[in-house]
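Below is one structure. I have some questions about it.
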Amino acid sequence: MLDVKKIRLILELRESGIADSNILSAIEKIPREKFIPYNFRNQAYDNIALPIGDNQTISQPFVVAKMTQLLEVQPKFKILEIGTGSGYQSAVLSKLVRRVYTIERIKSLLIKAEKVFEELKISNIVSKYADGNLGWKEQIPFDRIIITAATPFISKEIESQINEGGIIVAPMIMKNKQVIVKYKKIGNKLESQIYDDVLFVPNLSGTE
Ligand code: SAH
């Protein structure tokens, strides 16, 4: 049953403009049900966000696919994610790039995500418990950075940890709504382009 729903989801994503077959195949490979609490597993391949505990959510598959597509990844890339949450976005990226570094500020969520990575034998994700807005300076520079919590502005640390020519994709809070923004670092400045409206949980500082 989940398989039929998965195929339907992949077709739906393709129809909504996700043209990159590597991304569609990464989504097909990662079992989203593993990242979701038991009572919601029958909805794993519905194109919706779902609760993962601690008032947080796993993003809608379309949003995961869209943000991944905007990142324009290449296999040799090193990516930083802020907001591990369930670990699903990291797992999708892990099929597309060399290494994913992911940071989560809620300890219990990070522990759950790490268990799933282990169960799925994903070995190219490195995770840590911290405030992601500070970045991960021991691992700089990053080719790409993805923020998966609604953010009022890109921190100086994040801006300084991306390569020249690198891309940052984030849900940005703008005038009472949230939009996906793609930033490109060119000549030490960030050039921005605005995409779809989205709804993410807030980016908070500190840890809990
Ligand atoms: N990428 C996730 C989406 C999770 S929701 C997934 O695929 O499931 C956003 C997550 O960002 C939440 O778990 C929240 O705790 C975390 N978060 C919010 N602000 C953060 C910050 N400053 N640093 C690290 N994690 C943060």
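We did not get these values from a lab; they are worked out from the coordinates using the rules stated. None of these values were measured; they are calculated from a predicted model. For neighbour counting, all protein chains shown are included, and Cβ atoms are generated from backbone atoms with ideal geometry for every residue, glycine included.
Could you check what % of the DSSP bridge pairs in segment 64-208 are antiparallel, to the nearest 5? Numbers along the way, then the final one.
Details: 16 of 36 bridges.
The antiparallel proportion sits near 45 percent.
While we're here: Which three lengths, in whole Å and largest first, does segment 1-129 cover when its Cα atoms are put on their principal axes?
Projected onto the principal axes, the Cα atoms of segment 1-129 cover 37, 37, 23 Å.
Report, to one decimal in Å, the Kirkwood hydrodynamic radius for segment 78-208 based on all distinct Cα pairs.
Working: mean 1/r = 0.0676 Å⁻¹.
With all distinct Cα pairs of segment 78-208 included, I get 14.8 Å.
Also, I was wondering about something else. Can you tell me the Rg and Dmax of segment 1-69, counting just the alpha carbons, in angstroms?
Rg then Dmax for segment 1-69, in Å: 11.6, 34.
Which residue, A44, S123, I194, has the largest displacement toward the positive end of the dipole of the chain when charges sit on each Cβ (Lys, Arg +1; Asp, Glu -1)?
S123
Assuming R0 = 22 Å, can you tell me the calculated FRET efficiency for the pair I173 and E12, based on Cβ-Cβ distance, to the nearest 0.05? Don't skip to the end; give the middle numbers.
Working: r = 27 Å, r/R0 = 1.25.
With a Förster radius of 22 Å, E is 0.20.
Same structure, new question: Residues of segment 40-78 with backbone nitrogen within less than 19 Å of a virtual label 7 Å along the Cα-to-Cβ line of D3, please, listed as ranges.
42-46
Something else: Sum up the charges of everything whose Cβ sits under 14 Å from the Cβ of K189, counting Lys and Arg as +1 and Asp and Glu as -1, but leave K189 out.
Working: positive: K156, K184, K185; negative: E159, E164, E191.
Net charge in that neighbourhood comes out at 0.
Another question about this same structure. Just to compare against my own numbers: the Cα pair-distance distribution for segment 100-176, 5 Å bins, whole % per bin, please.
Using 5 Å bins, I get a P(r) of 3, 14, 23, 23, 19, 12, 5, 1, 0 for segment 100-176.
What residues have an amide H closer than 5 Å to that of D196, excluding those fewer than 5 places away on the same chain, when H is modeled at 1.01 Å from N in the peptide plane?
I180
Another question, then. Compute the signed sum of charges (Lys and Arg +1, Asp and Glu -1) over the other residues within less than 15 Å, Cβ to Cβ, of K115.
Every neighbour counted, the sum reads -1.
Using only helices, what value at 222 nm comes out for the chain when you add -39,500 (n - 2.57) per DSSP H run of length 4 or more and divide by the total residues, to the nearest 500 deg cm²/dmol? Please report the intermediate quantities before stating the final value.
On the way: 6 runs with 58 residues, N = 208.
Computed mean residue ellipticity for the chain: -8000 deg cm²/dmol.
Ok, one more. ³J(HN,Hα) across segment 91-103 via Karplus (A = 6.51, B = -1.76, C = 1.60, θ = phi - 60°), whole Hz, x for Gly/Pro?
Values, residue by residue: 5, 4, 5, 4, 7, 10, 9, 5, 8, 10, 9, 10, 10 Hz.
OK, next. Under a 10 Å cutoff between Cα atoms, tell me which one of S86, S25, S16 has the largest fluctuation in the Gaussian network model of the chain.
Top of the fluctuation ranking is S16.
Output ³J(HN,Hα) for segment 28-34: one whole-Hz value per residue in order, computed from phi by the Karplus curve 6.51 cos²θ - 1.76 cosθ + 1.60 with θ = phi - 60°, and x for Gly and Pro.
5, 6, 8, x, 4, 4, 5
If you average the sequence gap of Cα pairs under 8 Å that are 6 or more apart and divide by the length of segment 2-198, what percent do you get for the contact order? Could the numbers behind the result be given before it?
On the way: 372 pairs, mean separation 29.7, N = 197.
Computed value for segment 2-198: 15 percent relative contact order.
Give me, ordered by chain and number, the residues 5 or more places off A49 or on other chains with an amide H under 5 Å from its own placed amide H.
Close amide H contacts, sequence-distant or interchain: Q60.
Could you give the size of the charge dipole of the chain about its Cα centre, using +1 on the Cβ of each K and R and -1 on the Cβ of each D and E, expressed in debye and rounded to the nearest 20? Mind showing how you got there, number by number?
Values: 29 positive and 24 negative charges, 52 e Å.
The dipole magnitude comes to about 240 debye.
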